[in-house]
């Protein structure tokens, strides 16, 4: 066997409360405003749980765990709007010998218009000097530095003694200071990080951790900025919303107005809750004020917001083409390097797009590709050469990974269609549509059942296009899928992404269709380009998802008489939930057709591994 | 009582199975006649002549070479193919790498065309091509050294394949414990090797052999096992569920291992696997790694048909159809482990290996 990836450092899972619970009284956090989206504080009590576990990781491994965390954080934060970032941003690194141990919560400061994630780099503080007055100093120059919770016995007692409120207040103050400092300048992440580290006021100069962190940041070198940027792009759910000043700041910095959503479902509080409808006119009005955002990117953002562009491939291609335009018009400001500045700019565009609509996984992968290409630019290239090289890279990515990949998928999948088949498909997937049309071109005799569901009713468009080409189609609603499944011979499904444990992450309803097909022993064929694969593992549809507009659930188009839910917002015990994605377990999937060929769901991590290796050589 | 000999002109009758029959089936007079005609290499291939790009004097034909190797009953067909292809390289008079590769490809296509239904043949040829040509030696400037390297790799692959059975035998010994009862189906030389080695290691076990209609290869296997002093019990195919209680494990070979991790084997394997799974008995498959093929069947009908005539012993009216497929597909969820020369693997590893080799 070839050498596999080196094993990653194990990161303790954060304990986070998910589920039905009553939000604790917010009064204890000395802020008297109830922010619209609240992150339940119990997740911070788990911080303390972490503190008590004594790691004995030495700085060298701290080194790699810094970088490992970074890359782990970066990749997942970019791609999932609500990643497990409590886990991400917490990491345990031992201090130097003099101290019993230290917890370094490392997260990288963000630039751009998105509120800061969690904590910043910290370093080790000696037990003796550990005191709460330390943390009460609000102004730590360029950044908050140490949130070191020592693990010696006395500190343990101290932790227990101190109230959550105090610690929270301290963190808020530090973050406010840091955010204020950062709001001044959009510097490259590297400089900010070093700036933070250097200006940190700790009783004990955090040389060791400083060096390791800086060394780590420089060691990873080119990768670093992109990872940090990705961390910057971790959206709202990671933000502390209970502090009024932070919410204000976030609102000011936010490009898109987020109206406060009402009646949020408890289980999904960790996901960004948006109301899309009101944002469009706001955004249009702000166009001339938003200098930093390139017009193409702005246009794409608008299209996302209004729903004009939907579907994984379309969104991804639109975004990449917008970036192409942005790069074409880009000029390096004086005194800056192209690599870092362009990366920062792309990150700011990405944050803007996230605000319009959370990223899909394929878009995240594409952004990661773009940033790695930027990072790999040789320094000897001139500006125009770099720009053309990047543009051609993007062009090649779109062509090879999407357009050509689709052709390969179609050729493979068409071999699975025989005469006399009854094929079922759900929703509207571009890959499946291409397969069906191609099979029809080849003269195969088959029938298609299109299953659709509210509120999006995307199947209707697919149905129209198929019928135009002369295919025999049946159209039904997802309620009838178990009724019709006994006649079906194959099920073709598209995917927004396939995760490492073989789970298929696709439009909501896909899991139900796959489950029914499995129960009827009908093979389920998932068609997905390889660039949509991700190394993450997800076990359910709750921990990471996207919420859509709940209002569309309450209205049925063409049926004005069905208006019972018109006043749903006023009912206190009624919540409407509109999920966009769901996760299909790998047991229900028979085969995944990719541009790498036809693989079983268990081989997805192999493809992810090969794919990332291949990326290096592009 | 003479039966009607099925038409030999039916092109779908698998030569592979007829060969196996010739080697292992219980020979009866009517079968003998068919076997004689079946084993005559009469592939209607125009490409056997294209094989010799080289000197017409030697007129090297890969099919001849293949048959020479194949006639040895102990040698797996796929290994014979591999040896034949290796011989192609040695005998090749090409002077550039490109030419050599083309020659090799043609030889491989010829072999595959000899019997399109044989999965292991196709798989072995493909794997051989990938293994041999996937070397940086091809970038050497000196053609002769590159060719020498190719020959070296080809021989190595041949050796591995030849020794595969021994390796599998050794790996499976741990799974056969004293006092166990093993159910086997069909006559697989690999499985026989495993059992032979276990008997040699003085393990106490007994074997249930299914009859294996229509080949009745089970009879041959039980003969061979009895010679090794292994207690054997013959069961008819329908009695598998009845006897499954007493069985500790099922051990089968494979004609081909497909990308999903499932296996293609003699008709009846799927049935046995289903029964075993429902009674929680492990199903072990002993297969060499050159049998890993890039097929991915979704159900039984997804395979290329391989038919063999079935003799019922009495004349069947022509109105009555006979299911004469020779093999079936067992999906991976019914298999517990694969014993291969790469190690003891779970079914999902097959795709890993194939991806690594083909990408």
TODO: Go through the residues of segment B:168-184 one by one and say whether even a single one is surrounded by 21 or more Cβ atoms within 10 Å (Cβ to Cβ) and either within 14 Å of another protein chain (Cβ to nearest Cβ) or in a loop (DSSP other than H, G, I, E, B) (or both).
DONE: yes
- [ ] Determine whether segment B:207-217 contains at least one residue that is surrounded by fewer than 17 Cβ atoms within 10 Å (Cβ to Cβ) and farther than 25 Å from residue B:331 by Cβ.
- [x] no
Task: Positions within segment A:581-614 being farther than 21 Å from residue A:517 by Cα and more than 13 Å from every other protein chain (Cβ to nearest Cβ), in sequence order - done: none
TODO: Sort through A:449, A:467 and tell me the only one that's assigned to a helix (DSSP H, G or I) and over 29 Å from the mean Cα position of the chain (by Cα).
DONE: A:467
Task: Members of segment B:334-352 found to be within 9 Å of chain A (Cβ to nearest Cβ) and out of contact with any helix residue (DSSP H, G or I) (no Cβ under 6 Å at 6 or more places or on another chain), listed by number - done: B:346, B:349, B:350
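Okay, residues lined up against (1) surrounded by fewer than 17 Cβ atoms within 10 Å (Cβ to Cβ); (2) part of a strand (DSSP E or B):
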| position | (1), (2) |
| --- | --- |
| B:270 | no, no |
| B:273 | no, no |
| B:296 | no, no |
| B:305 | yes, no |
| B:313 | yes, no |
| B:317 | yes, no |
| B:329 | no, yes |
| B:338 | no, yes |
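Restricting attention to segment B:232-249, does a residue exist that is assigned to a helix (DSSP H, G or I), within 14 Å of chain A (Cβ to nearest Cβ) and either under 19 Å from residue B:341 (Cα atoms) or in contact (Cβ under 8 Å) with a residue 60 or more places away in the chain (or both)?
Pass one, segment B:232-249, residues assigned to a helix (DSSP H, G or I): B:237-246.
Narrowing further to those that are within 14 Å of chain A (Cβ to nearest Cβ): none.
Among the residues of segment B:232-249, not one is assigned to a helix (DSSP H, G or I), within 14 Å of chain A (Cβ to nearest Cβ) and either under 19 Å from residue B:341 (Cα atoms) or in contact (Cβ under 8 Å) with a residue 60 or more places away in the chain (or both), which makes the answer no.
Look through segment B:286-306, keep the residues that are modelled with pLDDT of 85 or more and more than 19 Å from residue B:124 (Cα to Cα), and return whichever of them is farthest from the other protein chains (Cβ to nearest Cβ). Spell out the reasoning first.
Kept after step one, since they are modelled with pLDDT of 85 or more, are these residues of segment B:286-306: B:286-302.
Remaining after also requiring more than 19 Å from residue B:124 (Cα to Cα): B:298-302.
Working: B:298: 4, B:299: 6, B:300: 11, B:301: 8, B:302: 8 Å.
For segment B:286-306, the residue satisfying everything is B:300.
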Task: Scan of segment B:308-333 for residues that are at pLDDT 85 or above, away from chain A (no Cβ under 14 Å) and within 18 Å of the chain's Cα centre (by Cα), ordered by number - done: B:325, B:326, B:327, B:328, B:330
- [ ] Give the residues of segment A:570-597 that are surrounded by fewer than 24 Cβ atoms within 10 Å (Cβ to Cβ), over 23 Å from the mean Cα position of the chain (by Cα) and in a strand (DSSP E or B), sorted by residue number.
- [x] A:591, A:597
Open item on the list: Anything in segment A:483-514 that is within 20 Å of the chain's Cα centre (by Cα) and part of a loop (DSSP other than H, G, I, E, B)? List them, or say none.
Closed with: A:495, A:496, A:499, A:500, A:501, A:502, A:503, A:508
Open item on the list: Within segment B:277-289, does at least one residue satisfy the condition of being under 23 Å from residue A:412 (Cα atoms) and either in the same structural domain as residue B:157 (by the TED database) or buried (at least 18 other Cβ atoms within 10 Å of the Cβ) (or both)?
Closed with: no
Open item on the list: Is it the case, given these coordinates, that residue A:394 is outside the structural domain of residue A:523 (by the TED database) and in a helix (DSSP H, G or I)?
Closed with: yes
Open item on the list: Take the conditions at pLDDT below 90 and at positive phi and apply them to residue B:268. Does it pass?
Closed with: no
Open item on the list: Regarding segment A:433-450, can at least one residue be identified that is in contact with a strand residue (DSSP E or B) (Cβ under 9 Å, 6 or more places away or on another chain), touching a residue at least 60 places away in the same chain (Cβ under 8 Å) and under 19 Å from residue A:470 (Cβ atoms)?
Closed with: yes
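Any residue that is free of Cβ contacts under 8 Å to residues at least 24 places away in the same chain and outside the structural domain of residue A:602 (by the TED database) - is there at least one of those in segment A:538-554?
First pass over segment A:538-554, keeping only residues free of Cβ contacts under 8 Å to residues at least 24 places away in the same chain: A:554.
Now narrow it down to the ones that are outside the structural domain of residue A:602 (by the TED database): A:554.
Yes, segment A:538-554 contains at least one residue that is free of Cβ contacts under 8 Å to residues at least 24 places away in the same chain and outside the structural domain of residue A:602 (by the TED database).
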Task: From B:202, B:196, residue being more than 22 Å from residue B:326 (Cβ to Cβ) and outside any helix (DSSP H, G or I) - done: B:202
Task: Matching residues, segment A:515-543, being buried (at least 19 other Cβ atoms within 10 Å of the Cβ), assigned to a helix (DSSP H, G or I), away from chain B (no Cβ under 14 Å) and over 18 Å from the mean Cα position of the chain (by Cα) - done: A:516
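The values are calculated or read from the model by the stated rules, or taken from the named source; none is laboratory data. From a predicted model like this one, the values you see are computed outputs, not experimental measurements. For neighbour counting, all protein chains shown are included, and Cβ atoms are generated from backbone atoms with ideal geometry for every residue, glycine included.
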